[in-house]
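The values are calculated or read from the model by the stated rules, or taken from the named source; none is laboratory data. For clarity, every value in this text was computed on a predicted model and none was experimentally measured. Backbone-built Cβ (ideal geometry, glycine too); neighbour counts: all protein chains shown. Note: accessible area is taken over every heavy atom of the protein model, side chains too, but ligands, DNA and RNA are not part of it. Shrake-Rupley method; radii C 1.70, N 1.55, O 1.52, S 1.80 Å.
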Amino acid sequence: MLMLFASAFVLGLVFNAAPGAVFAETVRQGVRGGYRPALAVQLGSLVGDASWALLGLAGIGLVMQVDALRWPIGLAGAAYLFWLSWDS
């Protein structure tokens, strides 16, 4: 259990250390205002990411209930996974 937590913690640090717009804004707010403004940027980013994930999953959940679309979308997903495995 401790090994799983340590692995997840390290992966979280690696994921959050990637340079990008949110990282740059977090550093900027942290330098200007300290811990709380930087934390607010990160929490806002998390809420935004969760909102987009929820909307995307709800949308695909509704689309997958249509029988005529289930097989084509499933085959397209399988083809995409095959392409990802081939490309890696």
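I'd like to know if the stretch 7-17 contains one or more residues that are of a type outside the set (Val, Ile, Thr), outside any helix (DSSP H, G or I) and within 22 Å of the chain's Cα centre (by Cα). Scanning the stretch 7-17, I find at least one residue that is of a type outside the set (Val, Ile, Thr), outside any helix (DSSP H, G or I) and within 22 Å of the chain's Cα centre (by Cα), so the answer is yes. The set of residues from the stretch 56-76 being surrounded by 10 or more Cβ atoms within 10 Å (Cβ to Cβ) and in a loop (DSSP other than H, G, I, E, B) comprises just one member, 64. Scanning the stretch 19-40 for residues that are open to solvent by 60 Å² or more (accessible area, probe 1.4 Å) and either part of a loop (DSSP other than H, G, I, E, B) or touching a residue at least 60 places away in the same chain (Cβ under 8 Å) (or both) gives a single hit, 19.
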